[in-house]
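The values are calculated or read from the model by the stated rules, or taken from the named source; none is laboratory data. This one's a predicted model, so the numbers in the text were calculated from it and none came from an experiment. Glycine gets a Cβ as well: all are built from the backbone with ideal geometry, and neighbour counts include every protein chain shown.
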Amino acid sequence: MSINYADKIPNNVELASNKTLQRALEHWQPGYLDWWGEMGPEGSPNYDVYLRTAISVDAKGWAHFDYVRMPDYRWGIFLAAPEKDRKVNFGAHKGEAAWQEVPGEYRSTLRRIIVTQGDTEPASVEQQRHLGLTCPSLYDLRNLFQVNVEEGRHLWAMVYLLHAYFGRDGREEGEALLARRSGDADNPRILTAFNEKTPDWLSFFMFTFITDRDGKFQLAALAESGFDPLSRTCRFMLTEEAHHMFVGESGVGRIIQRTCEAMKEHRIDDPAKLRAMGVIDLPTLQRYLNFHFSVTSDLYGSEVSSNAASSYTNGLKGRFDETRIDDDHRLEGAEYPVMEVIGDRILTKHVAGLTALNERLRDDWVADVQAGIDRWNRIPAKYGVDFRFKLPHKGFHRRIGAFAEHHVSPEGAVLSEADWTSKHREWLPNEQDRAYIQSLMGRVVEPGRFANWIAAPHQGINKQPVNFEYVRFN
Ligand SMILES: [Fe+2]
Ligand SMILES: [Fe+2]
């Protein structure tokens, strides 16, 4: 499964043996580079960035680190190695050989799944394109760019599937993926969370901690697909996604650490005094967490969904860790708990497990987010600071599903419109919070220096020192 870097488009799919496909993708490539030039990281084309590039898709040693100018990054098509005799592992086709071509009857559903996933990838690059101008350090700038080039590659991954398996429709979708823009009034990205702004580095770290983690769970569910090329594509994307979540988790962790240091050193916990010292008070971090958690929750869709049921039954999208679950993998007679609001109470009801697959994937994601929060909470504990981060109730600040028509507090109380209006500013980032965070955003580019509001990391990238020159400006 070695990667061919001699071709114009690096790949491990023997692209040269399929001239029609190769030509189609080479035709798409300049449009992609134009998009990167227009919507990629602002002002960055001449920077030499210490980036990793895939050299093999094996679990170990897949990355090569070197200085790269981002427009010259070798974006390409990398699939995980095929699994011998792989089968469809769930749904009505369970036990059949995995599909190497798109089954005709599932063509439009599969195309929609791939387009929806593909659309999130360039969207996040667009959302993050101004952040380089206010980086808290060279180390963080490099991490931002690494995430950006890999999201660009994830777009390549999905466009490859569209071109290779969906003919003219697929090529048209490939063009449309370059035409939509995050936040655009006329031609926005498909999913709401990907049209929100990522206006500052705190939002970026929360996004990569929480929303890239949604990416992990969506990709993991698609990695179970009976459509084998999708499975192999997603399996390799998952290895890249791990770094994005690391960037987010460690980024917020370093902010918490810096704040706790200040709290301990000066024996204060008054947010106003902490802000006067130029660090981010913990309640503000909690409000950002509440926002990103609730907006990302919506990405999983409605608790009860017949689309989710048919994607599963048809073998297109599995559950997280499908093959490790000990059951019939068809969900015959299975039930799953979902919440509903009755009057001013939130009740749990049991519905057919097949229809609750969105909720189940959301719950798997929530557990993974919670594990990260538990790791964050070790930091105030270590400093003797009496504050713990808490995930809000699943119904808090939701726009989709059972809670969409209701107001729910972070503790899970159903609120009147008036109560919500008077209280929500305590729970979500308010204008003062946003303005304060914005006021912290400077630009720190001296190697080894970090903005005042964030601690230095424990170690550098690829065993380089923390004060390594991760980005060279030319
Ligand atoms: Fe991605
Ligand atoms: Fe990602």
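For the range 105-126, a residue qualifies if it is more than 16 Å from ligand 1 (Cβ to nearest atom) and more than 20 Å from residue 228 (Cβ to Cβ), but none of them does.
Here residue 42 fulfils each of the conditions (1) more than 28 Å from residue 300 (Cα to Cα); (2) surrounded by 13 or more Cβ atoms within 10 Å (Cβ to Cβ); (3) touching a Lys or Arg at 6+ places or on another chain (Cβ under 7 Å) apart from (2).
Each residue in the range 179-233 was checked for being without any contact (Cβ under 8 Å) to a residue 60 or more places away in the chain, of a type in the set (A, V, I, L, M, F, W, C) and either under 23 Å from residue 28 (Cβ atoms) or within 14 Å of ligand 2 (Cβ to nearest atom) (or both), and 2 of them qualify. Within the range 86-94, is even one residue surrounded by 15 or more Cβ atoms within 10 Å (Cβ to Cβ), within 16 Å of ligand 1 (Cβ to nearest atom) and touching a residue at least 60 places away in the same chain (Cβ under 8 Å)? No, the conditions are met nowhere in the range 86-94. Among the residues that make up the range 288-308, is at least one of them more than 24 Å from the chain's Cα centre (by Cα) and in a helix (DSSP H, G or I)? Yes: the range 288-308 contains one or more residues that are more than 24 Å from the chain's Cα centre (by Cα) and in a helix (DSSP H, G or I). Residue 161 satisfies every condition listed in (1) in contact with a Ser or Thr (Cβ under 9 Å, 6 or more places away or on another chain); (2) more than 16 Å from ligand 1 (Cβ to nearest atom); (3) of a type outside the set (S, T, N, Q); (4) farther than 18 Å from residue 36 by Cα except (2).
Specify which of the listed residues (236, 227) is of a type outside the set (Val, Ile, Thr), in contact with a Leu (Cβ under 9 Å, 6 or more places away or on another chain) and at pLDDT below 95.
Numbers: 227 fails: at pLDDT below 95.
Step by step, each of 236, 227 is checked, and only 236 is of a type outside the set (Val, Ile, Thr), in contact with a Leu (Cβ under 9 Å, 6 or more places away or on another chain) and at pLDDT below 95.
Taken over the range 350-385, the criterion of being among the small types (Gly, Ala, Ser) and part of a helix (DSSP H, G or I) is satisfied by 353, 356, 367, 371, 372, 381.
Scanning the range 27-59 for residues that are of a type in the set (A, V, I, L, M, F, W, C) and outside any helix (DSSP H, G or I) yields 49, 51, 54, 55, 57, 59.
Scanning the range 240-275 for residues that are farther than 30 Å from residue 154 by Cα and of a type in the set (A, V, I, L, M) yields 256, 262, 263, 268, 272, 274.
Could you list all residues from the range 108-156 that are part of a helix (DSSP H, G or I), polar (S, T, N, Q) and closer than 19 Å to residue 457 by Cα?
Residues of the range 108-156 part of a helix (DSSP H, G or I): 108-127, 131-134, 138-156.
Of the ones still in play, those that are also polar (S, T, N, Q) are 108-109, 116-117, 120, 124, 127, 134, 143, 146, 148.
Within the range 108-156, 134, 143, 146 qualify.
Against the criterion of being within 16 Å of ligand 1 (Cβ to nearest atom) and either under 22 Å from residue 393 (Cβ atoms) or free of Cβ contacts under 8 Å to residues at least 40 places away in the same chain (or both), residue 282 does not qualify.
Residues in the range 355-396 that are aliphatic (A, V, I, L, M) and touching a residue at least 12 places away in the same chain (Cβ under 8 Å): 356, 357, 361, 366, 369, 373, 379, 385, 391. The residue pairs whose first member lies in the range 148-175 and is in contact (Cβ under 8 Å) with a residue 24 or more places away in the chain, whose second member is of a type in the set (A, V, I, L, M, F, W, C) and within 11 Å of ligand 2 (Cβ to nearest atom), and whose beta carbons are closer than 7 Å, counting only pairs six or more residues apart or on different chains, are 148/125; 151/125; 152/125; 154/237; 157/237.
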